[in-house]
Structure formats: C-alpha cells, structure tokens
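This report refers to the structure that appears directly beneath it.
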Amino acid sequence: MAAWGLVQQKTSALTSQNPATTFDAATAADNFIAVLVAIASRTVSVSSVTDSKGNTYTLAKRQVGAGTDAIATEIWYAYNIVAGASHVVTVNFSASVASQINISEWSGAFRFQDPLLAVNGNAASSEASPYNFTFGTVVPSQSGALILSVTRQTTNFSVDGRATGYAALT
C-alpha cells in the first residue's frame, strides 16, 4: 500500500455564496481532495461542494460552535478524483457568508475504502473565555490512515488549529 502524501493545497478567505478556489497546479487522477471550511455563521451551511472536473464530494462532518460562538466548520472530500489543469473547487453555501476555505490534494489516501476524516472538539461556552478543544480518540480502520481536522483560532478563521503531534496546512 502506498503511503499518502500532501501534493498541494491552497487557502482562500472569501465572502460569497459560491466562493471558488483554484489549485495552482494540475491535479492527478485517482488522488484525494479535502475541503476544509470555516464559516462565520452558525446558521449558514455548505449545501454542496462541486468542482470543474465533475468529482463527487461527500460531507464528512459539520461542527457548530457552542454557546455564543458564531462559527461552524465543515470537512468535505472527494476520492479517486478525475483530474486536470485549472482545477476549480466551489463551495456552495446556503447564503452569502464570510469563510475561509482550504483545498488540499493528497496522493495515496484514495487507497482506503472508507476515507477517515474527523472533526472533534467543542468551543468553550463563553466568548470571553479561551477556547479549549478536546480531541476524541480516533481509531482508523487501517494503519496509516489520513486524518484531517479543522478548527479556528479565537481571533480569526483558521484551518491551522491542531492537536499536539499533528501537522498544519498553512
């Protein structure tokens, strides 16, 4: 089994109902695309993710902030992708909203029959207190599985928050 590896990624901060982000280089066939989304709203959600190559995206997890936190995060993915140059990924929201979107292409991850992505953690119940994230135990179905998480910092939207021992997409 080939090990997975990050091929490329890009982050965009946009306010729109249908923001689009384009990979800088051509994507490769059969790879895996992860779409990590931080949304500046508890009520606006992603209705779908589409791309210029016709790939099918699946929602892995939606997490809504606790208490007065006005944020939601979502992870979507497509695997065994149809690839090519000028690969544009569009996130379709239920309404126009400020968001930060990270798209990443991974090689080798498609080999898993059930891609495992995890969003764990709940924000503290008060905006005034620090945000403490508790990451639950994640048990992959196969050794070497790719695990993705999205969080945000208290001062801005981010797909950079991570637990100890995890690498950040920047």
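Among the listed residues 86, 104, 96, identify the single one that is modelled with pLDDT of 90 or more, open to solvent by 60 Å² or more (accessible area, probe 1.4 Å) and within 17 Å of residue 29 (Cα to Cα).
86
Out of everything in the range 1-24 that is within 13 Å of residue 107 (Cβ to Cβ) and modelled with pLDDT of 90 or more, what residue ends up being surrounded by the fewest Cβ atoms within 10 Å (Cβ to Cβ)?
8
Which of the residues spanning the range 55-88 are within 20 Å of residue 107 (Cβ to Cβ) and free of Cβ contacts under 8 Å to residues at least 40 places away in the same chain?
55, 56, 57, 58
Name the one entry in 58, 43 that is surrounded by fewer than 18 Cβ atoms within 10 Å (Cβ to Cβ), under 18 Å from residue 102 (Cβ atoms) and of a type in the set (S, T, N, Q).
Matching residue, one of 58, 43: 58.
Checking residue 29 against (1) open to solvent by 60 Å² or more (accessible area, probe 1.4 Å); (2) in contact with a strand residue (DSSP E or B) (Cβ under 7 Å, 6 or more places away or on another chain); (3) touching a residue at least 40 places away in the same chain (Cβ under 8 Å), only one condition comes out false. Which one?
Looking at each condition in turn, residue 29 falls short on (2).
The values are calculated or read from the model by the stated rules, or taken from the named source; none is laboratory data. Keep in mind the model is a prediction, meaning the values are calculated, not measured. So basically every Cβ, Gly included, is an ideal-geometry build from the backbone, and we count neighbours across all protein chains shown. Each accessible area value is taken on the protein alone, full model and side chains, heavy atoms only, with ligands, DNA and RNA left out. Shrake-Rupley method; radii C 1.70, N 1.55, O 1.52, S 1.80 Å.
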